[in-house]
Every structure is written in structure tokens, then in C-alpha cells.
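For reference, the structure discussed in these notes is given below.
The values are calculated or read from the model by the stated rules, or taken from the named source; none is laboratory data. Predicted model, so just to flag it, every value in this text is computed and none were measured. Here the Cβ is made from the backbone with ideal geometry for all residues, glycine too, and neighbour counts use every protein chain on show.
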Amino acid sequence: MKLFADFLRENGRVGERERPFYQHWADAYIKQMKRDTIDGASLKEFVTQLETTHEDWQVAQARHALQLYCYYREHFGGATSSTRQKRDVTPAPGRDPGSLSEHGRMPTSWKDAKDSLAQAMRLRHLSLRTESSYKDWLVQFETFTKGKTCAGITEEDLKCFLSYLAVEKRVAAATQKLAFNALLFFYRNILGVEICGLNTVVPSHVPRRLPVVLATEEVVRVLSHLKGAYLLMATLIYGGGLRLSECLSLRVKDIDFARNCLTIRGGKGDKDRETVLPERTITGLKQHLVRIRALYERDRSRSLEGVSIPGALDRKYTGASKEWGWYWVFPSPVLCMDPVSHVVRRHHVYPTTLQSAFRKAVREAGVLKRASVHTLRHSFATHLIEKGYDIRTVQELLGHTDVSTTMIYTHVASRNKLGVRSPMDALEGRIAPP
């Protein structure tokens, strides 16, 4: 049997100096709780007792140690193969294969589960990208459960899978969170099971990363290597702090030339907001719309279906999808089939086209930073903070729910509000420059 110390060295992402402390917390738990198995209730009880006598960092270290120990017991020192096999075919507590979920009878196969998942997501008007991502995670979860039926999976299977992603796959915290959201949706809406607690799940490491930001002169150099619609899209993203998807999904009616603003519809979190329309882009944007109007008129003369309309607005406003105001600001030059309705219509520009053009422009500009289209949004926020705009205004323009998300840009601003000057600069003239 593999020892816990060996497990920590190979899989736990625990440094050599910290391993004895992790072993100490596992031993302390076994001695105090008088058991060598861990569940959510016992872990919470042990940690609660520590909170009264230990520092916060020690409590956090103990929690992480016990989460890893729980995973170690489950996979290397826990149940025998016979008990695991028996548990694998046992239906979840309080649930049987004939029970009803939100969208009908309990799925009897994983294929039925995927179909039910897609139906549930479309009823909630979730995006196709989200639907595809959730279905991919369900496929990975099916593989992980090694042939168990939908009626046989339990809450423990979800916990083991999430810990497996952190320990074995070493995925980022955001990836583990996405997997959890996908499977939580599946458990709640398809299986009708509520997840009670995740105390024993090993969390992925959350590194502190600063966003990549381009200096003003670097922005100029990169934009000078873009042309046409690509240049216009990039200037709108940098000038208004847009996300890539928000820029590509702009409609003609979302541009307000009189107020110099853009209305972002259904942004991240399905929220609307307004942001600035750069004055320097107005002339080029109006000329672009003239060219797009010609494409719009050509689509109407060919009796093509109108562009896609969010939700049920197409039924509420009959014919709105064929109106000029709903047309894409950046339509694709080619037609495509709608993956939901299977109707041939014109979609907006595909994201990879702008991403590829931007990466090429970064290389040609000689910028060595790992910059992407989203870097323009980071640069927008940072440059506003450097010019003295208050953090709340920047938060509103970016569409952040929590101001702490916006605060990250204060760490990359070239000069903060205190105007900190390096002590090395005070030695000017007293020593030779390096």
C-alpha cells in the first residue's frame, strides 16, 4: 500500500518542507476523531475546532491536508475492490431508475442523459458554447465512472471526479470550477439530486497571475498591422473595453452615434451595459456600415432567413430578424447553418478569424508579450486607471459584478496613486549607471 507521504511527494503538489506538516494534520485528525476515514461532517468538525486555537493559515493548511488524505484513502488505502464493486452498482440513496427528473423519466443511458442535458439547457436559453462544454464534461465524467449507469452514480462520484481533476490531471482552478458547474447542472436538473457539501474535494491550486497589458506605444504598433474590419474590431475592443464575443455580436441598433456609446446586450452573466464609443472610430464605423448595408440588401433580395435573435424575441417581434437594426455589425462573409434550427442564415464573424489576425499583427509589430485579443480589454482598463479614472467607473464600463475583479488592474498600472518612486532613483548622480 502506498504511504501517504509517498502520495504527497508524487501527486499532492506539496513541497518537501510542507510534507511533514501535512502528515501531522492527518495524524492529528486520526487521533482526535478516533477514525481514519474522512467525510464532510467530520472534516468540518475537526477544522472548526482548529479555528479556535490556530492561525488562519494553519487552518487552511490542515483543511487542504485532510482533503488530500481523503483522496488518498479513497484511491490507495480505502475500500477494498469487492466493496468498491458493490458500491458501483448501488443506486443513489432515495433515487431509483424509474424516478422522475425535471424533464421526464430518469435517463436509462448516458446517451439519454446527454439529450436531456441539451434539452434542459436550451429551455434556459444557455449558449451553444456552454451546451457543448457541459456535454464534453459529461462525457469525461462517464469515462471516469467506468461503466456505471446514470441511476447508479452518487454524490461521491462527483467529489471523486473533482478531486481527480485537481490531483491527477492538475487542472487549473477555473477548469475544475467549470467541471463542477457542468456536473452540478446535470445532477440537479437531470438526476434530481442536490449536492450537499464538497468539504472533502481537493481544490485545484489557484495561482496569482497578473493580466498581460500592452503599453500605449505597443497598442499603436499592433493596430498599425491590422486592416479593414479587423482594425475596426480591435479599435472597438480597446476603445470600449469589450470582450471578443461582445464585439462580434454587436448589432447595428446597439451603436449610438449621438451619445458616443455602445450598448452591450447579454454580456457575461447575461447582463446589459453601456460603454464608450471611441470618437476616432466613428468615421470608419459609418463607412463600414455603408458597406454592410449593401450586404444586408443582398441578403434580403435573396430571401434569406434573417439573423438569429436571442430568446423568443423573434416570435414576439415578427420579422425583427430581417430588420436592419438587428443585423450584425460584423457579419460573416459566408452563410452557415444554424446548429439549433438548421436554418441557413448569416452569422457574425467567427472568433478565430480575428484571433489569428491579431496574433499575426503582434508578431509583425515585434511585441514579445503573450498578447491576445483579450489583452486589449486589459489594456483599456489599465490605461484608464493610469489616467486617474475611479475604479467604480472602470468597473461599470467593463461590466464586472465585483469591484475586486477590477482591482487587479491597479497592480499592473505603471504608476499607482501613491506615486511610489524606487529608492534606487534617489542615488542618481552618486553612482555610475549599470
Residue among ARG291, ARG346 that is exposed (fewer than 14 other Cβ atoms within 10 Å of the Cβ) and out of contact with any Gly (no Cβ under 6 Å at 6 or more places or on another chain): ARG291
Residues of segment 274-305 being assigned to a loop (DSSP other than H, G, I, E, B) and over 17 Å from PHE330 (Cβ atoms), which ones? ARG302, SER303, LEU304, GLU305
Would it be correct to say that ALA151 is assigned by TED's automatic domain parsing to the domain that holds TRP110, touching a Ser or Thr at 6+ places or on another chain (Cβ under 7 Å) and not acidic (Asp, Glu)? no
Has segment 160-172 got at least one residue that is basic (Lys, Arg), touching a residue at least 60 places away in the same chain (Cβ under 8 Å), on the phi > 0 side of the Ramachandran plot and outside the structural domain of LYS268 (by TED's automatic domain parsing)? yes
If you check ARG392, ARG363, ARG430, which single one turns out to be at pLDDT below 95, more than 25 Å from the chain's Cα centre (by Cα) and farther than 30 Å from ALA120 by Cα? ARG430
Looking only at segment 296-329, and only at residues there that are among the aliphatic types (A, V, I, L, M), in contact with a strand residue (DSSP E or B) (Cβ under 9 Å, 6 or more places away or on another chain) and within 15 Å of VAL252 (Cα to Cα), the one that is surrounded by the most Cβ atoms within 10 Å (Cβ to Cβ): VAL329
Out of (1) surrounded by 16 or more Cβ atoms within 10 Å (Cβ to Cβ); (2) assigned to a loop (DSSP other than H, G, I, E, B); (3) touching a residue at least 60 places away in the same chain (Cβ under 8 Å); (4) over 22 Å from the mean Cα position of the chain (by Cα), what's the single condition that is false for ALA371? (4)
Regarding segment 32-48, can at least one residue be identified that is within 15 Å of GLU168 (Cα to Cα) and polar (S, T, N, Q)? no
Residue under evaluation VAL14, criteria (1) of a type in the set (A, V, I, L, M); (2) at pLDDT below 85; (3) more than 34 Å from the chain's Cα centre (by Cα), criterion not met: (3)
